[in-house]
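Chemist: Dropping a structure here in structure tokens format, bear with me for questions.
Rule-based calculations on the coordinates, nothing more; no lab input. Model, not experiment: these values are computed from the prediction. Here Cβ is always computed from backbone atoms with ideal geometry, including for glycine, and neighbour counts include all displayed protein chains.
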Amino acid sequence: MVRVTIHRSPNGAYLGFESEGHADYASFGKDIVCAAASVLMINTINSIELYTPTVEDYKSRDDGGYLTVVFPTGTEEKAKLLLDSMVSGLKQIEMRYGKEHLSVEFKEE
């Protein structure tokens, strides 16, 4: 299962997110759940870098099963909108394919 944890402050501001695991929906190279979740998260990081002044620090593993992103100085409005969109997409995948393949959790810090 891909487990995505969205880290937020008590006022709802994004602090970062992390993802680990594999969806195991289909065999390697054919897993549409894993591919969809990966595209949403990577595109969000790329869009934040390209279109906003928000700074992020991210790390991933070469095997593709782990990604962590931290926003050390917080997020501004455009980045928040991009992250809201990512979360919406991930939640839709979770609803469609089930928590046994993708789980989205929120952690308040």
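Chemist: Over the stretch 2-108, consider all pairs of different Cα atoms and compute the Kirkwood hydrodynamic radius from their mean reciprocal separation; express it in Å, one decimal. Don't jump to the answer; show the numbers that get you there.
Modeler: On the way: mean 1/r = 0.0717 Å⁻¹.
By the Kirkwood definition, the hydrodynamic radius is 13.9 Å.
Chemist: Still on this structure: In nanometres, what is the gap between the two model label sites at Asn43 and Glu20, each 7 Å from Cα along Cα-to-Cβ?
Modeler: Output for this residue pair reads 2.7 nm.
Chemist: What value, in deg cm²/dmol to 500, does the helix sum -39500 (n - 2.57) over DSSP H runs of n ≥ 4 give at 222 nm once divided by the residues of the chain?
Modeler: My calculation for the chain gives -13000 deg cm²/dmol from helical runs alone.
Chemist: What fraction of the DSSP beta bridges in the stretch 2-108 is antiparallel, stated in percent and rounded to the nearest 5?
Modeler: DSSP beta bridges in the stretch 2-108 are roughly 70 percent antiparallel.
Chemist: Would you calculate the separation in nanometres between label points at Lys78 and Thr5, each defined as 7 Å from the Cα along the Cα-to-beta-carbon direction?
Modeler: My value for the distance between the label points is 3.0 nm.
Chemist: In vacuo Debye scattering of the stretch 67-109, one point per C-alpha: log10 I(q)/I(0) at q = 0.15, 0.22, 0.28 Å⁻¹?
Modeler: For the stretch 67-109, the Cα-only Debye profile gives -0.47, -0.88, -1.08.
Chemist: Could you line up Phe71, Phe17 from fewest to most neighbouring Cβ atoms inside 10 Å?
Modeler: Final ranking by Cβ density, sparse to dense: Phe71, Phe17.
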